[in-house]
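We did not get these values from a lab; they are worked out from the coordinates using the rules stated. All figures in this text were calculated on a predicted structure; none of them were measured in a lab. Don't worry about glycine lacking a Cβ; one is built from the backbone with ideal geometry, like all the others, and counts go over all protein chains shown.
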Amino acid sequence: MASVLLVDDNQDILDSMTEGMEMFGIDVVGQAVNGEEGIKEFEKSNPDVIILDIMMPDYDGFYFLDKIRKSDSKVKIIVVSGDVKEETSEKLEKYELLGRFSKPVKFGEITDLINS
């Protein structure tokens, strides 16, 4: 069973993502509400996959991506964001993501990607 860390500033989204992931057999090993907290959770839980929002107050997804890629260039990251701007897409290209989805997301699509 794959383990996942969820990073999103919306607690309702974290709760629904956790429930959805677990329904599809994915073990959610941590949650974080911003990039800084996400780094701490990553170090504590060492997940197989990180599901990350980009637009968060304080420490956003790009902060998280910059920090995590310096410490672990191989961890699989899936971005799930409501930000669909071309500028954001271009910035994300350099991070070698496992995948990218727009909100709202279908859990089956993400879990298929995680389990492939």
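Couple of notes before you dig in:
- Computed lengthening from Thr18 to Asp112, 0.36 nm per intervening residue step minus Cα-Cα distance: 32.3 nm
- Relative to the Cα centre, the charge distribution of the chain, modelled as +1 at Lys and Arg Cβ and -1 at Asp and Glu Cβ, gives a dipole magnitude of about 400 debye.
- GNM flexibility winner over the chain from Val75, Val84, Val49 (Cα, springs under 10 Å): Val84
- Restricting segment 27-116 to GluC sites (Glu not before Pro) that sit in a DSSP loop and have at most 14 other Cβ atoms within 10 Å of their own Cβ leaves Glu96.
- Whole-number D in µm² s⁻¹ for segment 3-115, Kirkwood Cα-pair radius fed into Stokes-Einstein, 10 °C, 1.306 mPa s: 116
- 22 Å Cα-Cα reach of Lys91 towards lysines, excluding residues that sit fewer than 8 places from it in its own chain: Lys67, Lys70, Lys74, Lys76, Lys103
- Distances between placed amide hydrogens fall under 5 Å for Asn10 paired with no residue 5 or more residues away or on another chain.
- Helix content alone sets the calculated 222 nm mean residue ellipticity of the chain: runs of n ≥ 4 DSSP H residues at -39500 (n - 2.57) each, divided across all residues, give -13000 deg cm²/dmol.
- Integer Hz, Karplus 6.51/-1.76/1.60 couplings in order for segment 75-87, x for Gly and Pro: 4, 7, 10, 10, 8, 10, 9, x, 7, 10, 5, 4, 4
- When segment 1-41 is reduced to its Cα atoms, the Kirkwood hydrodynamic radius in Å: 10.2
- Distant-in-sequence amide H partners of Lys76 (H built 1.01 Å from N, under 5 Å): Ile50
- Relative contact order of segment 3-115, taken over Cα pairs closer than 8 Å and 6 or more residues apart, is 25 percent.
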